[in-house]
1. So is C:Leu3 closer than 14 Å to D:Ala56 by Cβ, buried (at least 22 other Cβ atoms within 10 Å of the Cβ) and not assigned by TED's automatic domain parsing to the domain that holds C:Ile100 or not?
2. Out of segment B:198-218, which residues are in contact (Cβ under 8 Å) with a residue 12 or more places away in the chain and under 16 Å from B:Glu159 (Cβ atoms)?
3. Residues of segment A:1-46 being among the hydroxyl-bearing types (Ser, Thr, Tyr) and modelled with pLDDT of 95 or more, which ones?
4. Could you tell me whether C:Pro58 is touching a Lys or Arg at 6+ places or on another chain (Cβ under 8 Å) and over 24 Å from C:Ser198 (Cβ atoms)?
5. Which ones in segment A:100-111 are more than 8 Å from chain B (Cβ to nearest Cβ) and buried (at least 20 other Cβ atoms within 10 Å of the Cβ)?
6. Restricted to segment D:1-13, and to residues that are within 12 Å of chain A (Cβ to nearest Cβ) and either more than 26 Å from the chain's Cα centre (by Cα) or not in a helix (DSSP H, G or I) (or both), which residue is nearest to C:Pro4 (Cα to Cα)?
7. Please tell me if C:Ala162 is under 17 Å from the mean Cα position of the chain (by Cα) and either within 14 Å of chain D (Cβ to nearest Cβ) or not charged (D, E, K, R) (or both).
8. How about segment A:14-99: which helices (runs of 4 or more DSSP H) wholly inside it have at least 3 residues that are buried (at least 24 other Cβ atoms within 10 Å of the Cβ) and within 7 Å of chain B (Cβ to nearest Cβ)?
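The values are calculated or read from the model by the stated rules, or taken from the named source; none is laboratory data. Keep in mind it's a predicted model, so treat the numbers as computed, not measured. Note that we place each Cβ from the backbone using ideal geometry, even for glycine, and neighbour counts take in every protein chain shown.
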Protein chains: 4
Amino acid sequence: MNLPERLVEGYRGFRHTRFRRERDHYARLAEAGQQPNTLMIACVDSRVAPEVVFDADPGEMLVVRNVANLVPPYQPDANYHGTSAAIEFAVRQLKVAHIIVCGHASCGGINAFRHNALNGVDAAHGDFVARWMDLIAPATKLALACDAVDPLHDQTAMELAAIRQSIQNLRTFPWLTAREKAGELALHGLWFDVADGSLRVLDEASGGFTRLDDAPLG
Amino acid sequence: MNLPERLVEGYRGFRHTRFRRERDHYARLAEAGQQPNTLMIACVDSRVAPEVVFDADPGEMLVVRNVANLVPPYQPDANYHGTSAAIEFAVRQLKVAHIIVCGHASCGGINAFRHNALNGVDAAHGDFVARWMDLIAPATKLALACDAVDPLHDQTAMELAAIRQSIQNLRTFPWLTAREKAGELALHGLWFDVADGSLRVLDEASGGFTRLDDAPLG
Amino acid sequence: MNLPERLVEGYRGFRHTRFRRERDHYARLAEAGQQPNTLMIACVDSRVAPEVVFDADPGEMLVVRNVANLVPPYQPDANYHGTSAAIEFAVRQLKVAHIIVCGHASCGGINAFRHNALNGVDAAHGDFVARWMDLIAPATKLALACDAVDPLHDQTAMELAAIRQSIQNLRTFPWLTAREKAGELALHGLWFDVADGSLRVLDEASGGFTRLDDAPLG
Amino acid sequence: MNLPERLVEGYRGFRHTRFRRERDHYARLAEAGQQPNTLMIACVDSRVAPEVVFDADPGEMLVVRNVANLVPPYQPDANYHGTSAAIEFAVRQLKVAHIIVCGHASCGGINAFRHNALNGVDAAHGDFVARWMDLIAPATKLALACDAVDPLHDQTAMELAAIRQSIQNLRTFPWLTAREKAGELALHGLWFDVADGSLRVLDEASGGFTRLDDAPLG
């Protein structure tokens, strides 16, 4: 099978519209290298493209994407840690000032975790997804403390709890916490609702998420 | 520190322009769930946003992003495998028809690997990046077979070799290869040049990359 | 000479990106006809595209563009009145609810008028531009009443005065004024500054223009 | 009535997305003035925004828009000639290299003309539209020579004929023809189909319009 014709035409469209318009900026970035200010940790979900949702410029955000926008705890060993490598690259080499964990509604990974937990399927199910999602097991309790409902029975509550959990895990990286304490790095949690385009922001003091104020759509 | 004001305004801009225009499409995707046709494996690099480069619609591509767009070999064990989980989700649950490994010029991860290899720094350097990039050690030989130059001394040659390596590793996933053999799944390699916006496509028969034909920019 | 290659590629880019994404909307508009809510009267200037500046959807604004966004006074006779025909089409047939006169900084037509007035060149100079711009001769006095400076010596003062003049002229169209009095139509004056992207809004009560409040750019 | 909230938010969206991204370009254009290469003569229709359809940059095209994208014949007299003033500005002052007359499907002005002609309504009907559209009366015969059908009974045939007519009228401007003969200016006719986004190009040798070749939409 050939490359999907749609993507070939999409690429040509990009090159002759946006790339053409911003080619000086791209050329400068190629020459000078990237200096993103933000690391965005987002989901692989096809409906939530961070550069689209935040209208980010090329060069503005380093973006790591995995199933359910998870951060594993700090565990430097002989295994391959893709997400942790991205965090190390962002914090120690690029010295980003912000890390944003951006979750979203209807997350397939969270849904799979809930389904498995409620049905007694263990993390050895399948090869990788169930084990990966097992990272949020501690969030079940975290969620209970913050939301009125049992998160296992509520998809949104579990999505929000997983964001809090990922931020907790970020703080297990010693060189990251050092920068946060020095006031050189801030951590943020966001949750995007695909259905209506609204965005909720984690208030770490209360543990709650509040909707970003915005004018109604016309 | 607050959420960067730039991203807040970028989000508001998105919501009142593109989201407003496509809100019916987003609402349908929220209701019906995603059915992406393609899994894109891309780099965390801030200059190469797949949805921008391919002008992808919401719902069109599942996108996993890690340092240097790598695919580890199939290794189902008790460890957390973020990239492999995304591949499993894409292939077994969403049944995508295409997997694209999309590399790019000036890749920081590839550069770090070359620097370490040429200077005798081993993979235990740092906590995660060097170990993660060690995944492409086999590509050093793979590159030599295909390109005229020693890839360790040539950034582009090593970037292209790493794409071939990732495609080789994809084929170690048994359920993925099964779908490929059944003609239900195709694998592709691409390389994007940030400086001039050109795109090269891997020809698996020859191992070479050829530039996608395109009209010159005005 | 052929069609400029840049525009051909720009069109192809549009068709494979934005048109593809909005094709259902375009198809509906083709089937149902247009029902724009707003008539925008704008300048031919290449730097001020109304659909870009207001991120307008297809179908949203009827747009007439002439040199310096002028409205001639109501004069139904045997001559061809292009702008008045557009106003008639908008008000009587499409029954728009808003008419916006949108001026801008560095207007070449206004500049030509000022140059001619200050240098004693009369409206018979050239074939059409000087005569056309003579439409704003009354605005010279209108401006004096509202702005501290002599508008002939100040480009911006004259641009703002010309917007007020055009709105005065709109009110010479009897069927337009009838709808305004009935509360079915509102008239607005805007001025766009190409240099910094700011937008000023006419306050008809005071005759002044005030900047639309907006967050600073990041 | 206030300014439509939708346009206010659309403007804010533009300013924080595209304007922010291109602000250096806008600032340069404000400083240096415009030097557009093309004059686009387009319709007021809300579904056919030239900068959108051709993805034009700020500064790239001077755009005059009137009902049905008409060009009156050269007639320098004491009356106000808005379209002719724009042509004079483009050709004599800005020295554009291309003039494009861009018509489109389902044109309301053309439809009104056909309706009036077929029903015996004369050009004195209404105040301005019927008189303005009377400009294309000669196109009725022009169309008969080129298209198989009676253009009065066929909307598309009449739209295409009106484009040819406008190009004929452009050639009545002596200083325009002088530049065309000197090879410094080219005239083009285009027709955009709102329903499917296709574009047809006038071949002046044959008088026919042929579809611009383009890949099918995905």
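1. Details: closer than 14 Å to D:Ala56 by Cβ: yes; buried (at least 22 other Cβ atoms within 10 Å of the Cβ): no; not assigned by TED's automatic domain parsing to the domain that holds C:Ile100: yes.
When the stated conditions are applied, C:Leu3 does not pass them.
2. Hits for segment B:198-218 are B:Ser198, B:Leu199, B:Arg200, B:Val201, B:Leu202, B:Gly207, B:Gly208, B:Phe209, B:Arg211.
3. Answer for segment A:1-46, where residues must be among the hydroxyl-bearing types (Ser, Thr, Tyr) and modelled with pLDDT of 95 or more: A:Tyr11, A:Tyr26, A:Thr38, A:Ser46.
4. yes
5. Those that are more than 8 Å from chain B (Cβ to nearest Cβ) and buried (at least 20 other Cβ atoms within 10 Å of the Cβ): A:Val101, A:Cys102, A:Gly103, A:His104, A:Cys107, A:Ile110.
6. Only one residue tops the list, namely D:Gly13.
7. yes
8. A:82-88
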